[in-house]
Amino acid sequence: MGLGNRNPPQHQFSHSLREYKKHWIMGCRLLIYFFYLTKAYDILNHRVLLNTLYSYRVRGNINSWCKSYLIDQKQFVEIIQSGHINSKQCKYISLFKVLKCGVPQGWVLGPLLFLIYVIDLPLKVEE
């Protein structure tokens with residue numbers, strides 16, 4: 001299993017379940033952790049990420065650039081509903097909300113920032 005595997009996640013999951021069952025029947029004790037990382041980029045705390053970058057000596061202009069890109073980002077939701085009464089479109093727009101977590105979608109550095117964020121996660125869990 002893992003990143004290099006070309007099987008879809010559901011096949012990997014089915015294979016894993018078969019392996020777990022086989023070991024369970026053999027009397028092995030199992031400790032299994034499941035992580036749902038689909039929304040992982042959305043949970044990155046900006047302050048923690050910036051502090052982690054600083055601890056890895058990412059300072060000065062580069063740290064300031066990351067900070068300006070992450071801090072005080074705003075988003076809103078827009079819904080356009082067609083086929084409403086009299087075939088008119090209805091448009092709903094939410095208020096802007098400041099994002100305190102997450103890496104903006106489509107940013108090339110998103111995966112790298114995620115890896116930097118989680119690289120010392122085992123050390124933080126032990127604390």
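Key figures
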| quantity | calculated |
| --- | --- |
| Cβ-Cβ under 7 Å pairs, at least 6 apart or on other chains, region 48-71 side under 15 Å from ILE116 (Cα atoms), far side modelled with pLDDT of 90 or more and among the hydroxyl-bearing types (Ser, Thr, Tyr) | ASN63/TYR54 |
| Residue under evaluation PHE76, criteria (1) modelled with pLDDT of 90 or more; (2) under 30 Å from SER94 (Cα atoms), criterion not met | (1) |
| Flag for TYR20 being part of a helix (DSSP H, G or I), aromatic (Phe, Trp, Tyr) and either modelled with pLDDT of 80 or more or open to solvent by less than 80 Å² (accessible area, probe 1.4 Å) (or both) | yes |
| Residue within region 48-62 that is within 24 Å of the chain's Cα centre (by Cα) and modelled with pLDDT under 85 present | no |
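The values are calculated or read from the model by the stated rules, or taken from the named source; none is laboratory data. None of the values given here were measured: they were computed from a predicted structure. Glycine also receives a Cβ, built like all others from the backbone with ideal geometry; neighbour counts cover every protein chain displayed. Surface accessibility is based on the protein's heavy atoms, side chains included, excluding ligands, DNA and RNA. Shrake-Rupley method; radii C 1.70, N 1.55, O 1.52, S 1.80 Å.
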